[in-house]
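S.K.: What follows is a single structure, and I will ask about it in a moment.
The values are calculated or read from the model by the stated rules, or taken from the named source; none is laboratory data. None of the values given here were measured: they were computed from a predicted structure. Here Cβ is always computed from backbone atoms with ideal geometry, including for glycine, and neighbour counts include all displayed protein chains. What goes into the accessible areas is simple: the full protein's heavy atoms, side chains included, and nothing from ligands, DNA or RNA. Shrake-Rupley method; radii C 1.70, N 1.55, O 1.52, S 1.80 Å.
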Amino acid sequence: LRVSYLEVYNEQIKDLLSMDPVPVRIQHDPKRGTVLTGVKEQVVLNTSQVLALIKSGEAHRHVGSTDMNEKSSRAHTLFKIIIESTSSDKKEPVKVSSLYLVDLAGSESAKMTNSKGERAREAKHINQSLLTLSTIIQRLSEDRSGGLGGRRTQHLPYRDSKLTRILEQALDGNAQIGIICTVSPTFKCMEETSNTLKFASRAKMIKMHAKVNETIDD
């Protein structure tokens, strides 16, 4: 088991487990797909180690106050657990799985949050990446050609956002996905609540085609 903890802040990817200020880079590998370079992966042996790393990463996360939220998330975060398994005699192929726990920053209305300056720039990037994710979810829900192996009938703009580029392999079919949507019961948040529920209903229509990943080489 290996873990990494990233945040996407103003379209820059930051490693929350590393003190290195250099942003993480995204590259495309013909065999492995989207690859992140400069990410620290920590081997973990038990639950307490995992929780300690989450707590350590949270201390470096971008958080700020707005008129709507005293401790507003100013970035999306992705906690990744890589699981490699094989038989005790190591004669079977290695099975590799990746579990992403993604905490999306909430969509923001400039009028309601009264965001200005730095907060306004953060909100712009947050909303743009959420819009890209929503567009992909919508087009996937409308596409009846299937996931892996099927031909897409619509363009999926993964490259329009760092968030969706990281999650491309999961969103494109070879995964199981669970989404928790949070809404507010207050009247002034009705538009955001409605959009969130529409997003959730579209996401439920996507057909996933998860398969076992086996690595034969060393």
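S.K.: Give the ranking of Ser107, Ser87 by solvent-accessible surface, highest area first, calculated with a 1.4 Å probe.
M.R.: If we order Ser107, Ser87 from most to least accessible, we get Ser107, Ser87.
S.K.: Ignoring ligands, DNA and RNA, how do Tyr9, Tyr100 rank by accessible area with a 1.4 Å probe, largest first?
M.R.: Values: Tyr9 35, Tyr100 60 Å².
Sorted by accessible area, descending: Tyr100, Tyr9.
S.K.: If I model a spin label at Arg32 and Glu142 as a point 7 Å from the Cα along the Cα→Cβ vector, what separation in nanometres do I get?
M.R.: Roughly 3.5 nm, to one decimal.
S.K.: At a probe size of 1.4 Å, how large is the accessible area of Ile54, to the nearest 10 Å²?
M.R.: So the heavy atoms of Ile54 present about 50 Å² to solvent.
S.K.: Mind ranking Arg61, Arg74 by accessible surface for me, highest first, 1.4 Å probe?
M.R.: Arg61, Arg74
S.K.: Also, I was wondering about something else. On a 24 Å Cα-Cα criterion, which of the cross-link pairs Lys124/Lys198; Lys80/Lys211; Lys55/Lys90; Lys31/Lys211; Lys31/Lys80 come out too long?
M.R.: Details: Lys124/Lys198 21 Å; Lys80/Lys211 19 Å; Lys55/Lys90 34 Å; Lys31/Lys211 16 Å; Lys31/Lys80 20 Å.
Pairs exceeding 24 Å: Lys55/Lys90.
S.K.: Residue by residue through region 7-21, which ³J(HN,Hα) values in whole Hz follow from phi under the Karplus form 6.51 cos²θ - 1.76 cosθ + 1.60 (θ = phi - 60°), with glycine and proline marked x?
M.R.: Calculated HN-Hα couplings, in order: 9, 10, 10, 6, 6, 10, 8, 10, 8, 6, 9, 10, 8, 5, x Hz.
S.K.: Apply 1/(1 + (r/R0)^6) to the Cβ-Cβ distance of Ile179 and Val94, taking R0 = 45 Å, and write down the FRET efficiency to the nearest 0.05.
M.R.: Working: r = 29 Å, r/R0 = 0.65.
With R0 = 45 Å, the Cβ-Cβ based efficiency is 0.95.
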